[in-house]
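Read-outs throughout are calculated quantities, based only on the coordinates presented, and are distinct from any laboratory measurement. Please read these numbers as outputs of a predicted model, since none were measured by experiment. Cβ placement follows ideal geometry from the backbone for every residue including glycine, while neighbour counts extend to all protein chains displayed.
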């Protein structure tokens with residue numbers, strides 16, 4: 001197992017107890033993954049400012065947005081763009097920069113790089129060479145939405161943006177419905193009504209949830225209720241569909257099923273559920289995925305579905 005060397009702080013940094021930015025000249029540089037505010041520029045950390053001021057280069061998803069942060073805190077470090085469409089040439093340039101012994105900070109428009117944002121490929125490539133990757137934590141839309149939701153969520157998952165349609169979307173929704181952990185989903189404003197409707201269909205109208213909009217910003221808003229209520233409200237135009245959205249869905253209660261059968265619809269028998277599991281497996285699904293999907297859609301006990309007929 002390859003181990004990256006630990007970060008080597010400067011004398012000033014050792015005195016202050018925070019990460020410095022310039023590696024020794026005979027060593028490879030360090031890649032700092034720097035979290036930036038998700039809205040309110042006051043949420044940046046002292047350590048993030050220190051690193052952004054002291055590294056020789058910052059790679060930013062959108063240099064125009066990052067310059068606003070730089071102007072607020074009088075940061076004069078040179079900026080280059082690095083985003084999902086940058087192509088391999090820019091990544092090679094940044095890796096050569098690190099190989100030469102110079103440090104590099106990576107930022108995105110908001111939040112932490114690699115969390116539904118670019119940066120994973122660069123960090124992975126540098127880590128695979130044994131390079132040092134240093135996290136500089138900060139504001140997080142995932143954590144902010146969880147605590148603002150009002151839902152008890154000691155255990156939770158993060159789905160990011162769901163697939164837009166098709167089997168992959170249905171499977172992801174089924175997994176959310178069957179999971180006892182709370183789940184955080186990001187969504188574009190125009191797709192919030194459809195996603196709330198699909199979540200209600202998969203998890204049941206009574207499952208509690210929260211729609212978080214523009215967290216930490218001037219027009220921050222959190223709307224709480226059941227998925228049925230939130231879906232109906234979105235369809236009726238009661239939600240302002242503008243800004244950045246995170247949807248938090250309560251986990252399935254232990255021992256309960258996923259979604260309930262609709263009124264007037266007879267719940268499937270265990271034999272029918274097992275037959276559906278067999279059909280999904282024959283169509284190429286993994287057994288665990290097939291069982292999870294059938295349990296979520298039918299309300300049948302997942303452990304019983306695993307047992308042979």
Please report, in whole Å³, the volume per residue of the convex hull around the C-alpha atoms of region 162-221.
90
Note on region 142-255: contact order normalised by length, alpha-carbon pairs under 8 Å, 6 or more apart, percent, works out to 35
What are the radius of gyration and Dmax of region 126-227, computed over its Cα atoms and given in Å?
15.7, 49
For residue 27 and residue 64, what does the FRET efficiency come to when R0 = 25 Å and r is the distance between their Cβ atoms, rounded to the nearest 0.05?
0.15
Stretched fully, the stretch from residue 275 through residue 190 gains (0.36 nm per residue minus C-alpha distance, one decimal, in nm) 26.8 nm
Please report the Cα spread of region 11-139 along all three principal axes, rounded to whole Å, starting with the longest.
40, 36, 23
If neighbour count is taken as other Cβ atoms inside 10 Å, put 270, 114 in order from fewest to most.
270, 114
So for the pair residue 220, residue 241, with labels modelled 7 Å out along Cα→Cβ, what separation do we get in nm?
2.6
Need one number: convex hull volume per residue for region 52-207, Cα atoms only, in Å³.
159
